[in-house]
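Written out below as structure tokens is the structure these notes cover.
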Amino acid sequence: MRIAQVAPLYEAVPPKLYGGTERVVFWLTEELVRQGHEVTLFASADSQTSARLVPCAPQALRLCGVKDPLAPHVLMVERVLQRINEFEVIHFHIDYLHLPLMRRMRIPHLTTLHGRLDLPEMYPFYKEFREAPFVSISYAQRRPLPFLNWVGNVYHGLPRDLYRPSYEPGKYLAFLGRISPEKRPDRAIELAERVGIKLLMAAKVDRADREYFETVIRPRLKSPWVEFIGEISEREKQEFLSGALALLMLIDWPEPFGLVMIEANACGTPVIAWRCGSVPEIIEPGRNGFIVESMEEAEAAVEAVARLSRAECRRVFEERFTAERMAREYLELYRSLLVEEVPLWKKAA
């Protein structure tokens, strides 16, 4: 099958450091190529891929200090349209920029929505484009926009051999990702202090969250129970996650998926997560972690987490969250679009 993958330009594919969507696009693209499909990747020029790369920005936008990130993305959509006859299916990962144009094209396409959908301005926009074929990354993600033409739900997946599981008991609690109010690093710090176990924080701080970091989080880094490492690379995640007693994900927002949860499980590390968004779809309590709704429950989970089987955490990953499974489910969606006599998005228009 001739497939186009259209990635965001904020990070390279795969990202050098932080970047969830671009990482998922990389794993999906590599697995599709491995299975023998002809894949073209639209991404930044510093991307690495086994597919044919069409560079749409000199380098990842976050790293080059671009003033207007919208312009390169619009240019990328134009480059996709210039090559539209080369593909059987186009798979977009760039939210909504392409929708007005693709509404007028007859080529099969779909859009995976990777972010939160509960912002007020999204409702009228997606109401207009409700006929377009969309894929969610969790059923929880769909709740604000149940009227969309959801053609599938595909959970993220990682290459089976990306991380090696460790079956030795971990020695610290881990926080991995981004410092922001909705990720609740303050809860992670409070929990570490309550239970008296070291918390290692491997996280980036975006410009938008700098004030929160300086005023709320930095003063708490003086705690003897906290060590702030900063942003880490993909290679460093193996050691960081596999050495942890548990990954803490005490979030306070409608998390669309939470890639870090399956990264931890792939390393054999259980997850303690707040009941928000996709968490109940990813975590099987007592098997690959615990779901909590209060700090008291989180304390109890830390005490119980050492009794979980790290081999079972890895087993959940292998059963449910591999890149092979992800690619297989997307291929089923691609084929379903191809066999429609009248495409679904044309019927509903």
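The values are calculated or read from the model by the stated rules, or taken from the named source; none is laboratory data. Just so it is clear, the structure is predicted and the values come from calculations on it, not from any experiment. Here Cβ is always computed from backbone atoms with ideal geometry, including for glycine, and neighbour counts include all displayed protein chains.
Pairs linking a residue in the range 60-74 that is within 18 Å of residue 17 (Cα to Cα) to a residue that is surrounded by 11 or more Cβ atoms within 10 Å (Cβ to Cβ) and of a type in the set (Lys, Arg), with Cβ atoms under 8 Å and 6 or more positions apart or on different chains, are 60/16; 63/16. Within the range 16-33, being within 12 Å of the chain's Cα centre (by Cα) and in a loop (DSSP other than H, G, I, E, B) holds for 18, 19. Which of the residues spanning the range 96-116 are without any contact (Cβ under 8 Å) to a residue 60 or more places away in the chain and part of a loop (DSSP other than H, G, I, E, B)? Selection gives 96, 97, 104, 105, 107.
Residues of the range 81-93 being touching a strand residue (DSSP E or B) at 6+ places or on another chain (Cβ under 6 Å) and aliphatic (A, V, I, L, M), which ones? If you could, list the steps in order and put the result at the bottom.
If we filter the range 81-93 for residues that are touching a strand residue (DSSP E or B) at 6+ places or on another chain (Cβ under 6 Å), which is where we start, we get 87-93.
Selection gives 89, 90.
Considering only residues in the range 118-143 that are part of a loop (DSSP other than H, G, I, E, B) and either among the β-branched types (Val, Ile, Thr) or touching a residue at least 40 places away in the same chain (Cβ under 8 Å) (or both), the one that is nearest to residue 92 (Cα to Cα) turns out to be 132. All of (1) more than 20 Å from residue 331 (Cα to Cα); (2) over 22 Å from the mean Cα position of the chain (by Cα) hold for residue 106 with one exception: (1). Given the condition out of contact with any strand residue (DSSP E or B) (no Cβ under 7 Å at 6 or more places or on another chain) and closer than 16 Å to residue 188 by Cβ, answer yes or no: does some residue in the range 257-273 qualify? Within the range 257-273 (the criterion being out of contact with any strand residue (DSSP E or B) (no Cβ under 7 Å at 6 or more places or on another chain) and closer than 16 Å to residue 188 by Cβ), the answer is no, since none of the residues qualifies.
Please indicate, with yes or no, whether at least one residue in the range 170-183 is closer than 27 Å to residue 308 by Cα and surrounded by fewer than 15 Cβ atoms within 10 Å (Cβ to Cβ). The answer is yes; a qualifying residue exists.
Could you run through the range 283-306 and say how many residues are touching a Gly at 6+ places or on another chain (Cβ under 9 Å) and under 19 Å from residue 242 (Cβ atoms)? Total meeting the criteria: 3. Out of the residues in the range 189-215 that are assigned to a helix (DSSP H, G or I) and in contact with a helix residue (DSSP H, G or I) (Cβ under 6 Å, 6 or more places away or on another chain), which is nearest to residue 62 (Cα to Cα)? For the range 189-215, the residue satisfying everything is 212. On inspection, residue 177 does not qualify as at pLDDT 95 or above and either of a type outside the set (A, V, I, L, M) or at positive phi (or both).
Has the range 61-72 got at least one residue that is under 22 Å from the mean Cα position of the chain (by Cα), over 14 Å from residue 13 (Cβ atoms) and either outside the structural domain of residue 333 (by TED's automatic domain parsing) or among the aliphatic types (A, V, I, L, M) (or both)? Taking every residue of the range 61-72 in turn, at least one turns out to be under 22 Å from the mean Cα position of the chain (by Cα), over 14 Å from residue 13 (Cβ atoms) and either outside the structural domain of residue 333 (by TED's automatic domain parsing) or among the aliphatic types (A, V, I, L, M) (or both).
Can you tell me which of 159, 124 is more than 16 Å from residue 260 (Cα to Cα) and either surrounded by 14 or more Cβ atoms within 10 Å (Cβ to Cβ) or over 18 Å from the mean Cα position of the chain (by Cα) (or both)? Steps first, please.
Working: 159 fails: more than 16 Å from residue 260 (Cα to Cα).
On inspection, the qualifying residue turns out to be 124.
Of everything in the range 35-56 that's among the small types (Gly, Ala, Ser) and part of a loop (DSSP other than H, G, I, E, B), which residue is farthest from residue 70 (Cα to Cα)? If we take residues in the range 35-56 being among the small types (Gly, Ala, Ser) and part of a loop (DSSP other than H, G, I, E, B), then 36 is farthest from residue 70 (Cα to Cα). Summed over the range 196-225, residues that are loosely packed, with under 15 Cβ neighbours inside 10 Å, under 16 Å from residue 182 (Cα atoms) and of a type in the set (Lys, Arg) total 2.
How about the range 165-188: which of its residues are hydrophobic (A, V, I, L, M, F, W, C), within 20 Å of residue 289 (Cβ to Cβ) and either in contact with a Lys or Arg (Cβ under 6 Å, 6 or more places away or on another chain) or not in a helix (DSSP H, G or I) (or both)?
Taking the range 165-188 as the starting set, the residues that turn out to be hydrophobic (A, V, I, L, M, F, W, C) are 173-176, 179, 188.
Right, trim to within 20 Å of residue 289 (Cβ to Cβ) and you get 173-176, 188.
If the condition is that a residue be hydrophobic (A, V, I, L, M, F, W, C), within 20 Å of residue 289 (Cβ to Cβ) and either in contact with a Lys or Arg (Cβ under 6 Å, 6 or more places away or on another chain) or not in a helix (DSSP H, G or I) (or both), then 173, 174, 175, 176 are the ones that fit.
Is it the case that residue 9 is touching a helix residue (DSSP H, G or I) at 6+ places or on another chain (Cβ under 7 Å), crowded, with 20+ Cβ neighbours inside 10 Å and in a helix (DSSP H, G or I)?
Working: touching a helix residue (DSSP H, G or I) at 6+ places or on another chain (Cβ under 7 Å): yes; crowded, with 20+ Cβ neighbours inside 10 Å: yes; in a helix (DSSP H, G or I): no.
Judged against the criteria, residue 9 is not a match.
State whether the residues of the range 307-327 include one that is more than 24 Å from the chain's Cα centre (by Cα), farther than 30 Å from residue 1 by Cα and of a type outside the set (Lys, Arg).
Just the residues of the range 307-327 that are more than 24 Å from the chain's Cα centre (by Cα), to begin with: 307-309.
Checking which are farther than 30 Å from residue 1 by Cα leaves us with 307-309.
Imposing the further condition that a residue be of a type outside the set (Lys, Arg) reduces the set to 308-309.
Checking the range 307-327: at least one residue is more than 24 Å from the chain's Cα centre (by Cα), farther than 30 Å from residue 1 by Cα and of a type outside the set (Lys, Arg).
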